[in-house]
Structure formats: structure tokens, C-alpha cells
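In what follows, a single structure is set out as C-alpha cells and then discussed.
Read the figures in this text as sums done on the coordinates, not as results from a lab. Here the structure is a predicted model, which means the values were calculated and not measured. Virtual Cβ from ideal backbone geometry, glycine too; neighbours counted across all protein chains shown.
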Amino acid sequence: MIHSYWAYIVLIVLIFAVINAFLGLKANKKFEAKDLRIALFALIASHIQLILGFVAYYLSSFYDIMRNVGMGEVMKNSELRKVLVEHPLVGIIGITLITIGFSKHKKKTTDAAKFKTIAVFYTIALILILSRIPWDLWFSN
């Protein structure tokens with residue numbers, strides 16, 4: 001359950017970081033300590049979500065189902081495939097993009113480049129993560 005509840009925090013902070021980066025880029029603002037903290041908090045929250053996700057994955061009844069029926073059957077069932085393969089894989093890719101974006105922004109020398117790097121990487125990650133959330137399971141909890 002904590003993986004589902006923490007996801008709300010991650011989404012809110014990630015959306016806030018994306019909006020902040022686009023606003024900073026559009027307004028040609030100086031990249032300040034608060035902008036760094038917003039991006040960093042999104043990074044930290046997403047990494048906590050990843051750890052919670054790994055724990056939830058291996059403790060879930062879906063994992064037991066996968067062990068019993070095998071990966072071939074999981075891949076044939078769209079619901080199981082989404083929960084056991086697509087959601088975790090795309091989540092890992094999204095969090096990897098957040099990590100890369102945060103790392104790359106530190107190497108940029110201009111404020112606009114810093115905002116742009118955060119905006120691009122965090123937006124792609126957000127879109128990927130939103131695309132693979134098992135909404136039907138999330139709202140049934």
C-alpha cells in the first residue's frame with residue numbers, strides 16, 4: 001500500500017519539478033538553490049518509490065502468480081504483463097531518466113541549459129511513468 005500512496009507524492013513533486021523547469025526556462029530565470037532542491041526532491045522521491053516498488057513487487061500476489069504460471073503465460077495476459085513487466089520496466093526507465101537529467105543538469109554552464117535539461121528528462125520520465133501506472137488497481141485500493 002505504501003508504494004501506491006508514495007506514488008502520489010512522487011507524481012506531485014515530479015509534476016512540480018517539470019512545471020518549475022519550464023517556467024524557469026520560459027522566464028529566462030536564474031537557476032537558484034530552490035530550483036536545485038525541487039529537482040533533487042523529485043529525484044529522491046522517485047528513488048524511494050523505486051525501492052518501495054521492488055519490495056512491493058516481490059511481496060505481491062502477482063509475483064506468486066508469475067512464479068506459478070510462468071513468464072510465458074504472464075506475457076499472454078495483458079493485465080499481468082502490465083503489472084509484472086511493463087509497469088516495473090517503464091518505472092525503472094523513467095527513474096533512470098530522472099537520474100540522468102539531474103546529473104546532466106549539474107554539468108551545464110548556463111541557467112537556461114540547466115532548466116532545459118531538467119525539463120526534457122523529467123517530462124519524458126513523467127510521461128513514461130504515467131503511461132504504465134495500473135490505474136484500475138491503483139484506484140481500487
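Brief remarks follow.
- Against the main long axis of the alpha-carbon atoms of the chain, helix 33-59 sits at an angle near 10°.
- Inter-label distance, residue 2 to residue 37: 2.5 nm, where each label sits 7 Å from its Cα along the C-beta direction.
- Cross-link partners of residue 116 among lysines (Cα-Cα below 18 Å; sequence separation of 8 or more within a chain): 26, 29, 30, 34, 104, 106, 107, 108
- The ranking of 110, 117, 99 by Cβ neighbour count inside 10 Å, starting from the fewest, reads 110, 99, 117.
- Rounded Å value of the spacing that divides the Cα centres of segment 12-55 and segment 101-139: 8 Å
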